[in-house]
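Working notes for the structure below.
The values are calculated or read from the model by the stated rules, or taken from the named source; none is laboratory data. Every value quoted in this text rests on a predicted model; they were computed, and no experiment measured them. Here Cβ is always computed from backbone atoms with ideal geometry, including for glycine, and neighbour counts include all displayed protein chains. The protein model used for the area step is the full one, side chains on, heavy atoms only, and it has no ligands, DNA or RNA in it. Shrake-Rupley method; radii C 1.70, N 1.55, O 1.52, S 1.80 Å.
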Amino acid sequence: MDPNLAAMQNLPQAQQQQLMQAIEQMQVRDSLRMYNSLVERCFRDCVSEFRSKDLNAGEEKCVQSCATKFMKHSARVGIRFGELSSEAESQMQAMMQQQQGGK
Amino acid sequence: MAQPGQPDPAAAIEMAKQEMDYRVNLFNAMVSSCYEKCIDKRYKDGELSVGENSCIDRCSSKYWQVTGIVGQMLGAQGGMQ
């Protein structure tokens, strides 16, 4: 279980709700931030000429590929992040147990 | 009100929020850095190549290790302010 979740369930009910709301707000804010940064990234990487006010076919395809690629990349990093995170957590717990066992 | 010996719930919430903030920022920085280092910007299609996938895995691992080293060094200097 995610150690943060476990710690959260030790808090009283009112605080749990507060925390859930805070998490939700952070997620909304983070989605919006990601949306904006993705737009900026794909614009920067794909659009560089301004002979017309409309995107040409190449630019459009580039933006679609850019967005798709970034989402897939972000998902993969998310998986690795979770793995690295749990691994670090269990290493820490093992270390703590060793220290307690040595007393 | 905080009881002696009991964890202060307000402080616990604040710490939990800060911990979460830290993790979100760390994740976003990891995504951003590894994107710059691994992804081919020619965008021929929307798929990640095998090479890009491997690069992402290794980049994430290395980024995490850098986080650990820097954390240790900051800790050794007497804690983060």
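Is it true that some residue in region A:89-99 is farther than 17 Å from B:ASN25 by Cα, open to solvent by 50 Å² or more (accessible area, probe 1.4 Å) and part of a loop (DSSP other than H, G, I, E, B)?
no
Go through the residues of region B:67-79 one by one and say whether even a single one is open to solvent by less than 70 Å² (accessible area, probe 1.4 Å) and either under 23 Å from A:THR68 (Cα atoms) or β-branched (Val, Ile, Thr) (or both).
Yes, that holds for at least one residue.
Of everything in region B:50-66, what is open to solvent by 50 Å² or more (accessible area, probe 1.4 Å) and among the aliphatic types (A, V, I, L, M)? Give them in sequence order.
B:VAL50, B:VAL66 - these are the residues of region B:50-66 that are open to solvent by 50 Å² or more (accessible area, probe 1.4 Å) and among the aliphatic types (A, V, I, L, M).
Can you tell me which residue in region B:21-49 is modelled with the highest pLDDT, limited to those that are exposed (fewer than 13 other Cβ atoms within 10 Å of the Cβ) and at the interface with another protein chain (Cβ under 8 Å from one of its Cβ atoms)?
Filtering region B:21-49 for residues that are exposed (fewer than 13 other Cβ atoms within 10 Å of the Cβ) and at the interface with another protein chain (Cβ under 8 Å from one of its Cβ atoms), the one modelled with the highest pLDDT comes out as B:GLU47.
What residue, among those in region A:50-59 that are loosely packed, with under 13 Cβ neighbours inside 10 Å and of a type outside the set (S, T, N, Q), is farthest from the chain's Cα centre (by Cα)?
A:ARG51
Given the residues A:LEU84, A:LEU32, which is the only one that is aliphatic (A, V, I, L, M), under 28 Å from B:GLN18 (Cα atoms) and buried (at least 16 other Cβ atoms within 10 Å of the Cβ)?
The conditions single out A:LEU84.
Kindly indicate which of B:TYR35, B:TYR43 is aromatic (Phe, Trp, Tyr), in a loop (DSSP other than H, G, I, E, B), free of Cβ contacts under 8 Å to residues at least 40 places away in the same chain and in contact with a helix residue (DSSP H, G or I) (Cβ under 9 Å, 6 or more places away or on another chain).
Step by step, each of B:TYR35, B:TYR43 is checked, and only B:TYR43 is aromatic (Phe, Trp, Tyr), in a loop (DSSP other than H, G, I, E, B), free of Cβ contacts under 8 Å to residues at least 40 places away in the same chain and in contact with a helix residue (DSSP H, G or I) (Cβ under 9 Å, 6 or more places away or on another chain).
Identify, by number, the condition in (1) within 13 Å of chain B (Cβ to nearest Cβ); (2) surrounded by 12 or more Cβ atoms within 10 Å (Cβ to Cβ) that A:GLU40 doesn't meet.
(2)
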